[in-house]
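Presented below is the structure to which this report refers.
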Amino acid sequence: MALEIFRLPALADNYVWLLREPRSGMVGVVDPADPAPVRAALAARGWRLSRILNTHHHADHVGGNRALKDEFGCEVVGPRADSARIPGIDLALGDGDRLAFGEEEAVVLDVPGHTRGHVAFHFPSARALFCGDTLFALGCGRMFEGTAPQMWASLARLRALPDETMVHCAHEYTQSNARFALHVDGANAELAARAAFVDAQRARGEATVPSPLGLEKRTNPFLRADDPALARAHGLDPADPAAVFGFLRASKDKFR
Ligand code: ZN
Ligand code: FE
C-alpha cells in the first residue's frame, strides 16, 4: 500500500482523511473540518502536516485550514474555480492537473454542482478517490450552486473511474441515504442487501465509508439516473438522464 489513509471523525458527521505516503513521509489531510482531531492524530503518530487538500469551500471542509496552516506552515491546495473562498490557499488546481504527493500522484477532476468550484482528488495507483460532498455512499451532495445537468455530468465523470476505486466521501450519511435509495429503487436486490448491511454496521457503531465505486455504481440511485428501468419506474424519459437525476435529487430534498 503506497498511500496510507486514516479516517478521522470530525464535527457531527464529517470524515477528515489523513494521508501519508510512506516512502517520502509526506503527510496531508483532506478537508479538515476542525483542527482538533487532525492535531490529535498527528501528535499520536509524531507526524508533521505538510499539505491540506480542499475539495470545496464549505466551512465543514475548510474550518481547520487557518489553525493548521499557522501551526504547521503547511501548503493549502484547493479548487481554482473557487480559490477566493478557500482560506489560506497557496496552490489552485483545476481539471486534469496532476499533484505529486510524495511518490504518489493525484489527478484533479472538476466536479461542480454542490458548489460551483468543487474538485475531487483521484489517486489512480492507490485506487483512492476523495470526492468531498459530490458523491456520498448511496447518495450525492445537494445542489447549492449548480444545476442538475452539471451535477449529473460531475457524477458521471466519477462513475467512469475503475470499480475498485475506494470512494472516500466527507460525511457519514449512508444510513439515511439508504432509506431514500430504497424508496426510489426498491426493486434493486443488491441495494436492499447493502442497506441491511449498513444498518448492522451502524448498530455496531462502525463507519460505512469508504465504499468501493463498483458497489456505488450498482446501488447508488444518483449514479443510476441513466438506467432505463429506474427512469421508467418513475414515469420518466430514459433518454434524458439529467432530468431523471434532477427528479431524484429534488425528491431527496423533500424526503421525510
Ligand atoms: Zn459541502
Ligand atoms: Fe460537507
Whole-Hz couplings from phi, Karplus 6.51/-1.76/1.60, listed for the range 147-156; x for Gly and Pro: 10, 4, x, 5, 5, 4, 4, 5, 5, 5
Estimate the FRET efficiency between residue 43 and residue 125 by the formula 1/(1 + (r/R0)^6), using the beta-carbon distance for r and 22 Å for R0, to the nearest 0.05. 0.15
Under the helix-only model (-39500 (n - 2.57) for each DSSP H run of 4 or more, divided by the residues of the chain), the mean residue ellipticity at 222 nm, to 500 deg cm²/dmol, is -10000 deg cm²/dmol
Taking a probe of 1.4 Å, how large is the accessible area per residue of the range 5-62, in Å²? 37
Any chance you could run the full-extension gain for residue 164 through residue 215? It's 0.36 nm times the residue separation minus the Cα-Cα distance, nm to one decimal. 17.5 nm
Express in whole angstrom the spacing between the alpha-carbon centres of the range 153-207 and the range 65-115. 27
Classified through the alpha carbon gyration tensor (a ≥ b ≥ c as square roots of its eigenvalues; rounded if a/c is under 1.5, else prolate when a/b is larger than b/c, else oblate), the range 148-240 comes out oblate
Which ³J(HN,Hα) values, rounded to whole Hz and listed in residue order, are derived for the range 7-13 from phi using the Karplus coefficients 6.51, -1.76 and 1.60 in 6.51 cos²θ - 1.76 cosθ + 1.60 with θ = phi - 60°, glycine and proline given as x? 9, 10, x, 8, 6, 7, 8
With r as the distance between the Cβ atoms of residue 75 and residue 4 and R0 = 22 Å, compute the FRET efficiency 1/(1 + (r/R0)^6) and round to 0.05. 0.70
What's the extension gain from residue 239 to residue 59 if we count 0.36 nm per residue and subtract their Cα-Cα distance? 61.1 nm
Using θ = phi - 60° and Karplus 6.51 cos²θ - 1.76 cosθ + 1.60, couplings along the range 223-234 (whole Hz; Gly, Pro as x): 9, 10, 5, 9, 7, x, 5, 5, 4, 5, 4, 10
Of the heavy-atom accessible surface of the range 157-256 (probe 1.4 angstrom), what whole percent is carbon and sulfur? 55
Quick one: which residues, 5+ away or cross-chain, put their amide H under 5 Å from the amide H of residue 105? H built at 1.01 Å from N. 125
In square angstrom, rounded to the nearest 10, how much accessible surface does residue 90 have for a 1.4 Å probe? 90
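The values are calculated or read from the model by the stated rules, or taken from the named source; none is laboratory data. None of these values were measured; they are calculated from a predicted model. Cβ sites come from the backbone with ideal geometry, for glycine too, and all protein chains shown count toward neighbours. The protein model used for the area step is the full one, side chains on, heavy atoms only, and it has no ligands, DNA or RNA in it. Shrake-Rupley method; radii C 1.70, N 1.55, O 1.52, S 1.80 Å.
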